[in-house]
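Inspection log for the structure reproduced underneath, given as structure tokens.
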Amino acid sequence: MQQILTFTPDTATAIDAALTRMSPNRVYVIADSNTSRIAHMLMNRSRSLADARLITIAAGDDNKSLTALTHIWNELVDGGATRHSAVVNIGGGMVTDIGGFAAATFKRGIPSINVPTTLLGAVDAAVGGKTGINFHGLKNEIGAFSEAEEVIVSTEFFGTLPHSELLSGFAEMLKHALLHGEEALNRALAFDFSHIDFDKLLTLLEESVEVKRRIVKEDPHENGLRKSLNLGHTVAHAYESLAMNRKGTPIAHGHAVAWGLVTDLVLSHMQLGFDSETLRRVAAMVEHNYPMPQISCADYAPMIEFMRHDKKNTDADAINFTLLKAPGQVVTDRTASAEEIGIALDLTRDMLHI
């Protein structure tokens, strides 16, 4: 069954329509401590959620853990969930990741609906079927491919998001624009974050989600084309793991993706001749809008070690990247040596004036 994707200003009505189509015997809402307020609001407005059981977990990517997952499973058992029940995940990517994985594994799989409350969640985690948890200090180390039956993207949440969260989501949109082509990239780079036009942002978001949806439909289990969605992410996950291990606190995923995109475009220039002027334009946009990573040469070795643990690698001695010949011209399964990665990180720091 093809995933149903709804863009709407009326989330409660869309949830009612989705649950009417699914006809579950019981409904369970999963939220974190930040989005439980939104969950309560929707449970009061939606007739289908009126009798739902709310399962709340602690917020933050460091809580996307086996402990939180076990809590969700326990709540499903205690609440009498069966294979004919349904889960509604209300939150950002952390909630849709862990909630989707809980649904995918409970009773060998119960249906779920994703209601992303962040721009990043809408463009990245809620669509595509990747679910999972962090484990042993590694991002998304345990998980499964399991698409939500429906994804409901509501414009009513984005106007209240902090600026940093909008930037986090936009990094994934920038990635999709790079994968789509020159015109999409130009539209993304022209977006004005000093005076945000939410109607224009929604238009760009729909285009961006459609890019990912098309790729996922053609390659649901990341055997070929879907690997293109890893653009920027090998380095991004290394930034995130470095922060978790160095300070014990996560950094914004989308900010790490923005930095990772610059590094991957540097590697693309080194290996495939990606246009240097386009690289400079992307780097300038990232430098102008995003906070900069706090890294030095001393961080390269641990970052490269984190990259060696990346699930995209097919060889223990090689680190895989998705690179571009040009916007819209993707080359997957490219490898880079530790020396090349070090040079790319040096050039990234130069271009972002770190």
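Quick look at the values:
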{"quantity": "Sites Ile4 and Ala298, calculated FRET efficiency, Cβ-Cβ separation with R0 51 Å, nearest 0.05", "calculated": "0.60"}
{"quantity": "Alpha-carbon radius of gyration plus Dmax, which is the widest Cα pair, for the range 1-117 in Å", "calculated": "12.9, 35"}
{"quantity": "Per-residue HN-Hα couplings for the range 139-154 [Karplus 6.51, -1.76, 1.60; θ = phi - 60°; Hz; x = Gly/Pro]", "calculated": "5, 6, 6, 10, x, 8, 7, 7, 6, 5, 4, 9, 10, 10, 9, 10"}
{"quantity": "Net dipole in debye of the chain [+1 Lys, Arg Cβ; -1 Asp, Glu Cβ; about Cα centre; nearest 20]", "calculated": "880"}
{"quantity": "CD proxy at 222 nm, helix term only [per DSSP H run n ≥ 4: -39500 (n - 2.57); per residue of the chain; nearest 500]", "calculated": "-15000 deg cm²/dmol"}
{"quantity": "Value in Å of the Kirkwood radius, where the range 66-134 supplies the Cα pairs that are averaged", "calculated": "11.9"}
{"quantity": "Reduced Cα scattering model of the range 51-100, Debye log10 I(q)/I(0), q = 0.13, 0.28, 0.32, 0.33 Å⁻¹", "calculated": "-0.29, -1.22, -1.44, -1.47"}
{"quantity": "From phi via Karplus (6.51, -1.76, 1.60), per-residue ³J(HN,Hα) for the range 334-340 in Hz, x at Gly/Pro", "calculated": "8, 10, 9, 7, 4, 5, 5"}
{"quantity": "Per-residue ³J(HN,Hα) for the range 24-40, Karplus 6.51 cos²θ - 1.76 cosθ + 1.60, θ = phi - 60°, Hz, x for Gly and Pro", "calculated": "x, 7, 9, 10, 10, 9, 10, 9, 9, 5, 7, 9, 4, 5, 5, 4, 4"}
{"quantity": "Span from the the range 332-354 Cα centroid across to the the range 238-297 one, whole angstrom", "calculated": "9"}
{"quantity": "Phe135, Phe157, reordered so the largest accessible area comes first (probe 1.4 Å)", "calculated": "Phe135, Phe157"}
{"quantity": "Charge dipole magnitude, Cβ of K and R +1, D and E -1 - the range 105-204, Cα centre, debye nearest 20", "calculated": "420"}
{"quantity": "Difference of contour (0.36 nm per residue) and Cα-Cα distance, His288 to Phe198", "calculated": "30.4 nm"}
{"quantity": "Centre separation in Å (Cα based) which lies between the range 153-173 and the range 32-67", "calculated": "19"}
{"quantity": "For the chain, alpha-carbon Rg relative to the globular expectation (2.2 N^0.38 Å, N residues)", "calculated": "0.96"}
{"quantity": "Per-q log10 I(q)/I(0), the range 154-228, q = 0.11, 0.19 Å⁻¹ (Debye; single scatterer per alpha-carbon; no solvent)", "calculated": "-0.30, -0.82"}
{"quantity": "Surface accessible to a 1.4 Å probe, Asp32 within the full protein complex, Å²", "calculated": "10"}
{"quantity": "Solvent-accessible surface (1.4 angstrom probe) belonging to Glu340, in square angstrom, nearest 10", "calculated": "60"}
{"quantity": "Under-5 Å amide H pairs with Ile30, H placed in peptide plane, nonlocal only", "calculated": "Ile55, Val88, Asn89, Ile90"}
{"quantity": "Long-range HN-HN contacts of Ile319 with modeled amide H, under 5 Å", "calculated": "Ala336"}
{"quantity": "Lys, Arg +1 and Asp, Glu -1 on Cβ, resulting dipole of the range 12-107 about Cα centre, debye, nearest 20", "calculated": "380"}
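The values are calculated or read from the model by the stated rules, or taken from the named source; none is laboratory data. Quantities reported herein were computed from a predicted structural model and do not represent experimental measurements. All Cβ positions, even for glycine, are placed from backbone atoms using ideal geometry, and neighbour counts span all protein chains on display. Side chains included, ligands, DNA and RNA excluded: accessible areas come from the protein's heavy atoms. Shrake-Rupley method; radii C 1.70, N 1.55, O 1.52, S 1.80 Å.
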